[in-house]
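Worksheet: one structure, shown below.
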Amino acid sequence: MKNEDERGLLKVKILNHRTYLTSLIDDPKQDDVDFETKRAKTESLDDCLRSELSSPIQFDYESLRLTSNFDSSDSSTSISNKSSCSSSPRSHRTQSPIDISLDEIKLFGNEFESKHFYLSQNFLKYNLNHLNLVKKETLIFLIEKNLANNIKNPFDLFSYNRLNKSQKFCHNPKNNYNCFNIRKMSKLLNHYKNPLNKRYLRDNCLLPSSVGMFLMPLYFDIFKISELNQFNPIEIDMILLLKRTYRTHVYLDYESLINNFKENILWSCFILCKYKLSDITGVNSNQETINMEFFNYYLSLMYTLQHLEYVVNYIQLNSAKININNSKLLKDHITKALDLSRFLPFLFESLILNGYFKHKDYVAYEKFCVDKLDSLMCTNEYNLERNYYENTLMSIKQHSEQVYPLKLTNMCRITIKNSMKKYDSSTLDKLNVPKDIKKFLLYEHELNNYYIKYKNSINHAFN
């Protein structure tokens, strides 16, 4: 036991070392001190940023000893809460890697094309019990898994191109709107019947659709201090709040699959508003392809919302059969579903206001959904694929009506942003235009709105 505790503490030290930049390390208990107060006491913004961002990250010690929910030796329900975990991390390291069964291959028939099967094999050769979210290689792998599935979270893509030499992932039109993956998940759910089944979760190609907050220990590998100096006070405060919100989570488990929705959406909105497409992708990319892949990320979150809601219904209907802390699991899923539903419109708005989702894209998706719904058999039984298209189309219709037709000022802002060779505050300061227009061109109002909504949600969660 002593050796295990020492290993756990060593992991924490390694995590904190990732963010150790200078000797100006604050007391972790002072993380909630208002940033403006510290800035007033610090002559240099550069020093203040170093001091704040290099302070040790917070952690939940239980996460270092969490029993994996993907233990292939357990044939019972896949989800177990922290309080029932008794085995040590050492026991997970001796388990054999999970492998896909022949029955599961037959389940998809001819649709399981070789390249999709290769991707599945490549993913499953990693034992989910061992995927260490502290390691840069693991995070890169999870991002690449999503990129190969045509799912591009803007922040993940931005980080990937700064952490790793960019690899070109061929766009597969068959997975436009996550078409192939949603059909696969629908068949899996019909097969397993249980959204908490460990095999269903293990083979889920839409969870997690973002690494997002797990990249926080690599923050100074993604951003430079000189770059941070270009951020305005609201943007700095937003980043510092995200940093204080971060909690370590060492192993990939079910909780990490459905975690950090608000934070990941906020990061994506920040990147969409703060950077041009060429800065995000790192290479010259086809605009239409990127639009589709960013939209795929939005749709993957819509699927996740559907998954959370279905789990809530499943727990309520089968509480006697599930050997877990039902009340806690139920509350967690309801909370996460509410958080995700509140913040999804911000991501959709950011895609529209930055020119990544246009009215023609809405028309194309509406036609696609109508065609898909016509081809699906209408039964009284739950059909994940049918509900996915119905729910996403309904949501997009609702949010589109609030934004379209796009104002001329917003259209001009998109054109100006795309035409600028270098898009940042220092370049815009050189323009002979009023200060309010400069703030408008930098999306300061939108970012401030996202930050306030996120800050209020954090305060509400602790009250």
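The values are calculated or read from the model by the stated rules, or taken from the named source; none is laboratory data. As the structure is a computational prediction, the values presented were derived from the model and not from experiment. Note that each Cβ is placed from the backbone with ideal geometry, even for glycine, and that neighbours are counted across all protein chains shown. Each accessible area value is taken on the protein alone, full model and side chains, heavy atoms only, with ligands, DNA and RNA left out. Shrake-Rupley method; radii C 1.70, N 1.55, O 1.52, S 1.80 Å.
With the condition kept exactly as written, say whether any residue in region 199-207 is open to solvent by 50 Å² or more (accessible area, probe 1.4 Å) and farther than 16 Å from ILE143 by Cβ.
Yes, region 199-207 contains a residue that is open to solvent by 50 Å² or more (accessible area, probe 1.4 Å) and farther than 16 Å from ILE143 by Cβ.
Could you count how many residues in region 411-429 are in a helix (DSSP H, G or I) and surrounded by fewer than 16 Cβ atoms within 10 Å (Cβ to Cβ)? Show your work before the answer.
Filtering region 411-429 for residues in a helix (DSSP H, G or I) gives 411-419, 425-429.
Next cut, surrounded by fewer than 16 Cβ atoms within 10 Å (Cβ to Cβ) only: 411-412, 415-416, 418-419, 426-427, 429.
The qualifying residues number 9.
Find the helices (runs of 4 or more DSSP H) located wholly in region 168-248 whose residues include 3 or more that are more than 30 Å from LYS439 (Cβ to Cβ), and list them.
Once the helices (runs of 4 or more DSSP H) in region 168-248 are filtered for at least 3 residues that are more than 30 Å from LYS439 (Cβ to Cβ), what remains is 179-192, 198-202.
Somewhere in region 267-284, is a residue in a helix (DSSP H, G or I), closer than 23 Å to ASN178 by Cα and touching a Gly at 6+ places or on another chain (Cβ under 6 Å)?
Yes, the conditions are met somewhere in region 267-284.
Which of the numbered conditions does HIS399 fail, given that it passes all the others? Conditions: (1) open to solvent by 40 Å² or more (accessible area, probe 1.4 Å); (2) within 23 Å of ASN260 (Cβ to Cβ).
Result: HIS399 passes all but (1).
Restricting the search to region 344-353, which residues are open to solvent by 10 Å² or more (accessible area, probe 1.4 Å) and either assigned by the TED database to the domain that holds LEU447 or out of contact with any Asp or Glu (no Cβ under 9 Å at 6 or more places or on another chain) (or both)?
Passing the criteria: only PRO345.
Taking interchain pairs and intrachain pairs at least six residues apart, which have beta carbon atoms under 7 angstrom, with the first residue in region 398-414 and within 13 Å of GLU349 (Cβ to Cβ) and the second acidic (Asp, Glu)?
These pairs meet every condition: VAL403/GLU349.
Does MET377 meet the test of being within 21 Å of TYR297 (Cα to Cα) and either open to solvent by 60 Å² or more (accessible area, probe 1.4 Å) or not in a helix (DSSP H, G or I) (or both)?
So MET377 does not fit the description; no.
Looking at VAL283 and the list (1) touching a Ser or Thr at 6+ places or on another chain (Cβ under 7 Å); (2) open to solvent by less than 40 Å² (accessible area, probe 1.4 Å), which single condition is not satisfied?
The number of the failed condition is (2).
Testing GLU288 on (1) closer than 29 Å to MET394 by Cβ; (2) crowded, with 23+ Cβ neighbours inside 10 Å, one condition comes back false. Which one is that?
Unmet for GLU288, out of (1) closer than 29 Å to MET394 by Cβ; (2) crowded, with 23+ Cβ neighbours inside 10 Å: (2).
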